Each structure stands twice: as C-alpha cells, then as structure tokens.
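Below: the structure, in structure tokens.
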Amino acid sequence: MSQTMRHRWLLLGACGWVLLILMFASKFISIRTSDDYGEKSIAQSGTEPGTKVVVSTPVSGPETPAVKATTNLPSALPSATDWLDVSEKRLDLLSAVCKNTSAKTRDPVNKFVMDRIFVCDKHKILFCQTPKVGNTQWKKVLIVLNGDFATVDEVPEDIVHRHDKNHLRRLSSFTPSEINERLRSYFKFLIVRDPFERLISAFKDKFVENPRFEPWYKAEIAPAIIRKYRRNRRVTTGAAPAAGLCFREFVRYLGDTDGRRRHLDYEFGEAVIHWATYAELCAPCQIGYSAVGHHETLERDVPHILRAAGVEGLVEYPAIPPGITRYNRTKVEQYFAGISRPEVRKLYARYQGDFLLFGYPPPRFLLS
C-alpha cells in the first residue's frame, strides 16, 4: 500500500514540474497567428514603436499600444470623452486636408466607391471596406448585427467574403434616393493603416502566400506586371520573389504615371481594391464619415466605434492577436531595401493623399 501511495505522489510531483516548465516556456514562445491581412504577427523585438497619429499635425510614427494575450482590448482604455477628442481631431484633420489638397483626394462617390460600402439597415450603419486593414473582422461584426449569427465566432470563414451568402448589402444595390438617405442619416466609418505597410500586406497576401481560392494573382496578375516592369530577365533583389514577381516590380507598377498602370488596372478589375488608395475606395472628402479608426490603435478604437454606432453590448469584435496591429518600421525597411529613392518617391506621390488625410507622417527614412 505504501509503495502504491509513493508512486502516486511521484506521479503528481512529475506532473507539477511539467506544468511549471510549460508555463515558464510559454513566456518565451512567439505565437505566430495568421490575421485576415494575410500576414503573421511579428516578434516585438523587431518592431519600433512610434508616436500617436491622432493629432492634427504630422508626427513621427503610428501609435502602437501594448496588448495582453488574454484579451482583445488593452487593460487601460481611454474614456469616452478622451476618445471623442481623438475622433474629432481625426475628422478635423480629414476636413482640413480635403479643403487644402489637390484633386487626388477628391474622387467622386461613384459605383466603385458604393460597391465598397456595406450596409446594416437594422442598426443604420455604413462600413467602407479598405482591404488589408482587418475587413474580415468588421464584416463578421455586421453579419452578427444583421441577426444571422449570435456571435462573431459562429460566422463561418467561407461565407464572410461570399456576398451571395452573407446577406451584406452594398450601398450600390439601393436606389439613388435610398443611397442619399443612408449617406445622410447612417453612422459611417472606415479603418485605415499606414499606407506603405498596407501595400506590403497586400503584396504578401496576394503574391507570396496567395490563398488557393485566388490563384489569378500569381497566374495572371503577377506575370502581367513582370512583362511591363521587369528591366531584365534576372529576378531582382531586395524583396522576396512571388511567382517571379518582386516587391520592387510591384512598387514600379504602383508608382507608374505614364498610363501603363491604368491600362493594367483596367485589366485587373476588382483585384485593384487591395492596393487602391483610401480616396479611391471610400471618397473620404465627399462622404461625411462619423468615425475613422486606425489599425495601429484598433484595440482602443473598437469599443468606442461600437459605442458611437449604438451597438455596444450587442456584438463583440473578434479577439485581436497580440502585437498584430503594431507598426513595424523594420519590416518596411526590409521590403524597401534596394528600391531606389526615385522609385519610392513615385510611390509616395501616388499615396501621399492617404498619408495626409489620416495623419500618417511621410516615411522620410525611405524618401531621403
């Protein structure tokens, strides 16, 4: 009997040591989770925290709040009053830039824009999707608010982007008078992120990892870009190759102003939404948005956007993997390594409106 008890105590002791070792080791394991932008979360030692982007003048970098792994919200959220101040500054900046910048930021509210705006009539919400900025998660929120599912965790991944199945109507599906009424009276919002990081995310998702249900990016779009923008037959250095396509060639295509890009964009059709500017996608100078969220402060913005939209407590935003929203200057520098300053400046010229409209500072470390 005593020998049996001794074995039991030894077994319990061994289990206890195993649990302690696992708990200790977990603190040093980088959890790499896929996000809906098609990239992985990056160990924080490779990131550079910036400063806030919520003021009305350019600053040194996007805000990067810390996130606990056990929750989808930071431990200390700003008060409703603080966030209203932040939101007002963002909207004031947007209005000021719209008044003082060129026509680049003044794309009309055409069908292309209205196709990007999803409608929740039940709660009078309009959401303009900006691809590579967490749209999958916001679509889940709208699907739940429409009443099709009780929680975001119940929404099947395969129907989120199937608009014939998810019951999310686009603004373009309504009559002109219905459109005007919704634009006038509904809560309207969009989410943005650093424009160059967004382009890197689009490149990785569509040309490197390339979901198998979107084979045309590698099979058709990448070869078309290579044919027009490769300067020699050898794969250039400075970025990861993607079916032969390099990030440098992607940058040349995006920054081209001689008409070749527009011709390709016409051929690519809906695919260009993944790298179209925010002005082209959402017409922020024409539509009076009620709120603008920033990817870099998403953990802080989410609860306040839901509150401002009048749906707080009705739906929970999906859990945000720790560190996934953090601005990563090191990653940006790595992707732009080997790309000439003139090529970067051409790219910036195209997306300058996005930087200005939403308070993102120019990437001077790349431009000069």
Label-point gap, in nm, between H163 and T136 - each point 7 angstrom along Cα→Cβ: 1.9
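T81 to R227: extension gain in nm, 0.36 nm per residue of separation minus the Cα-Cα distance? Don't skip to the answer; put the middle values down first.
Details: separation 146, 0.36 × 146 = 52.56 nm, distance 5.33 nm.
Stretched fully, the T81-R227 segment lengthens by 47.2 nm.
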Point-to-point label distance, L314-R184, nm (Cα→Cβ direction, 7 Å offset): 2.2
For region 250-326 and region 118-169, distance of Cα centres in Å: 15
Residue list for region 264-278, given a label point 7 angstrom along the Cα-to-Cβ vector of E220 and an amide N cut-off under 16 Å: 264-274
Rg and Dmax [Cα atoms of region 165-204; Å; Rg one decimal, Dmax integer]: 15.3, 40
For region 254-304, alpha-carbon Rg over 2.2 N^0.38 Å: 1.54
Length added when fully stretched, T257-S172, from 0.36 nm per residue minus Cα-Cα: 27.7 nm
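Coordinate-derived values only; no laboratory data. A quick note: this is a predicted structure, and the numbers were derived from the prediction, not measured. Neighbour counts run over all protein chains shown; Cβ positions are idealised from the backbone, glycine included.
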